[in-house]
Amino acid sequence: VEGTPHQWPKGEISYEEVVTLEEPCFASNPNITYSVTYKRGTGNKPEGTLVAGASVKIKDGMRFSVSETGQS
């Protein structure tokens, strides 16, 4: 996430989990929304956007970018 490697014990990761890796106080501030994109993913969709409530299968070397988008 944002260039910092993280070990992840599961085969997929959710939007909320990715954001929490970058912003640990994410759950305590519901007024801020984030844009999450990924690269080097699996299968037929190696790049994309992860939205709230969704998850994506992960693989070693996958990259996530998290940026604040403002109020929801």
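Values for this structure:
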item	result
Ratio of Rg to Rh over the chain (Cα coordinates, Kirkwood Rh, two decimals)	0.94
Å² of accessible area per residue within the chain, as computed with a 1.4 Å probe and no ligands counted	68 Å²
Positive-pole candidate from Ala52, Pro24, Pro9, dipole of the chain, charges at beta carbon	Pro9
Carbon plus sulfur fraction of accessible area for the chain, probe 1.4 Å, in percent	48 percent
Ordering of 32-43, 47-58 by packing [mean C-beta count within 10 Å, highest first]	32-43, 47-58
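The values are calculated or read from the model by the stated rules, or taken from the named source; none is laboratory data. Note that the structure is a prediction, hence the values are computed from the model and not measured. Don't worry about glycine lacking a Cβ; one is built from the backbone with ideal geometry, like all the others, and counts go over all protein chains shown. We work out accessible area using only protein heavy atoms, side chains counted, and drop any ligands, DNA or RNA first. Shrake-Rupley method; radii C 1.70, N 1.55, O 1.52, S 1.80 Å.
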